[in-house]
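Input: a single structure, listed below in structure tokens.
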Amino acid sequence: MIRQFILLALSFILIACESKHQEIAGIWFHAGSLKTENDFYNPTNWETFKKHSEKTDAKFSEEFIFLKLRLNEDHTFSEQYFDTKTKQQREKTLSGNWKLANDTLILTTNLHPENASIERYFLFQSNDSAKLQLKIIKEISKENGKSTVNFDLQTKQKKFDNLIKTVGLNQNEFYAKSDEYFDDFWEFHNFGKYQILAKVTTNADHIDHYSQDIKDIIYGNYWDYIPYYDPISEYTKGRLVFNKNDQLKIIYQDLSSQSGWCGTLSNADYNTTWNWDKNANNITINHKKEGIPLEIRQMFRSENPKTEKYKILAKNKFVMIWEKL
């Protein structure tokens, strides 16, 4: 009886695994390059998503590329990047094998020479016939029997958590003493969910007593501390000048090439308001109702931002870390 029960349970597991295999086998589309968290659409839903995005999201056409991922039923796969407008392939086709291990999709890409490969581990956030939501949790390179961990989300998150503890919360003010961006501003580095702000300082003596971690942040060396797979595609920045009268000046680089002009990028100002709720330790940035520059929309990851709410995770005189609410 026990043996029959075990066999029956194993049969259900095998059926469930096979069902999940069938669900993800097929063609999937992803806008832009791979990030930590990724949405993949089936062909029908991709067309719907694409048409909507082309009308409402300026960032979509700015990406210029999309990824076509083909997961075959024989557990081989291919991935190709295409230009969003011309549909021309941008890079060479990568191929390899895929498999499922519980709630993790593993893609093994074959490289040249033949004894080299890259393994990427994706955790299922959701899995249905319309959309796959996959989070990259690890990437490993293998060559001649040697393995190298290129990315590990758990390790990155741990370093980031330790950084927050190192910075520590205190009550130092961060209001600007002047309205000039070149000598009194916070540099705002946006990594999607997290925002790191570093106060400009030209005096090394001011930060000499800080740990190397905090010095790295002040000098803009973020990459070892941010739990993201592709910082280049998830990263934007600007300069924020916080005034005591609830006025906020955002200095950003004017992407003149977007409007047909070319040449060196110049700084431009965007003036809005902000509020600091010290009891809740929250920051709210209020945007204009209309006329929001493309660069500001891109910075705040929103096509039409109205208010941006953040929880202050850590703060001292020269470093602040926020989390978007």
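Just order 140-149, 290-299 by mean Cβ neighbour count inside 10 Å, highest at the front, would you?
Details: 140-149: 11.1, 290-299: 16.1.
Top of the packing list down: 290-299, 140-149.
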Worksheet item: Computed FRET efficiency, Cβ-Cβ of LYS193 and ALA130, R0 22 Å: what is it to the nearest 0.05?
Response: 0.35
Worksheet item: For the chain, what is the convex hull (Cα atoms) projected area averaged across all directions, in square nanometres?
Response: 23.0
Practice prompt. Pop out the ³J(HN,Hα) list for region 91-96 in order, Karplus 6.51 cos²θ - 1.76 cosθ + 1.60 with θ = phi - 60°, rounded to Hz; leave Gly and Pro as x.
Written response: 9, 5, 6, 9, 9, x
Discussion item. With the crude spin-label approximation of a point 7 Å out along Cα→Cβ, what separation in nm comes out for ASP277 versus THR48?
Written reply: 3.5
Worksheet item: Once the whole set of protein chains is in place, how much accessible area is left on THR166, using a 1.4 Å probe, in Å² to the nearest 10?
Response: 60
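Which entries of LYS99/LYS237; LYS68/LYS249; LYS244/LYS306; LYS146/LYS193; LYS85/LYS311; LYS35/LYS317 show an alpha-carbon separation above 30 angstrom in the structure shown?
Violating the 30 Å limit, Cα to Cα: LYS99/LYS237; LYS68/LYS249; LYS146/LYS193; LYS85/LYS311; LYS35/LYS317.
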Fill in: Accessible surface, per residue, of region 126-248 when the full set of protein chains is kept, probe 1.4 Å, Å²
54
Discussion item. One quarter of the convex hull surface, Cα atoms only: what value does that give for region 88-151 in nm²?
Written reply: 5.7
Worksheet, complete the sentence: Sorting THR56, ASN162, HIS112 by the position of each Cα along the dipole of region 44-186 (Lys, Arg +1; Asp, Glu -1; all at Cβ), the one nearest the positive end of that ordering is HIS112
Worksheet entry | Structure-based [θ]222 nm, the chain - -39500 (n - 2.57) summed over DSSP H runs of at least 4, per residue, nearest 500 | -7000 deg cm²/dmol
Worksheet item: Based on the Cβ-Cβ distance of LYS87 and LEU169, what FRET efficiency does E = 1/(1 + (r/R0)^6) give at R0 = 41 Å, to the nearest 0.05?
Response: 0.25
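Given Cβ point charges of +1 (Lys, Arg) and -1 (Asp, Glu) and nothing else, what value in debye, to the nearest 20, does the dipole of the chain about its Cα centre take?
540
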Fill in: Positive dipole terminus of the chain, leading residue within LEU248, TRP223, PHE40 (C-beta point charges)
PHE40
Worksheet item: How many angstrom separate the Cα center of region 115-188 from the Cα center of region 189-210?
Response: 17
Practice prompt. Show the residues, 5+ positions off or on another chain, whose built amide H is closer than 5 Å to the amide H of LYS237.
Written response: ASN190
Worksheet item: Probe 1.4 Å, all protein chains in place: accessible area of LYS309 in Å², nearest 10?
Response: 100
Item to complete: Name the residues whose placed amide hydrogens come within less than 5 Å of the amide hydrogen of LEU34, ignoring near sequence neighbours (fewer than 5 apart) on the same chain.
Response: none
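The values are calculated or read from the model by the stated rules, or taken from the named source; none is laboratory data. Everything numeric in this text was worked out from a predicted model, so none of it was measured. Counting neighbours? That spans all protein chains shown, and the Cβs are built from the backbone with ideal geometry, glycine included. What goes into the accessible areas is simple: the full protein's heavy atoms, side chains included, and nothing from ligands, DNA or RNA. Shrake-Rupley method; radii C 1.70, N 1.55, O 1.52, S 1.80 Å.
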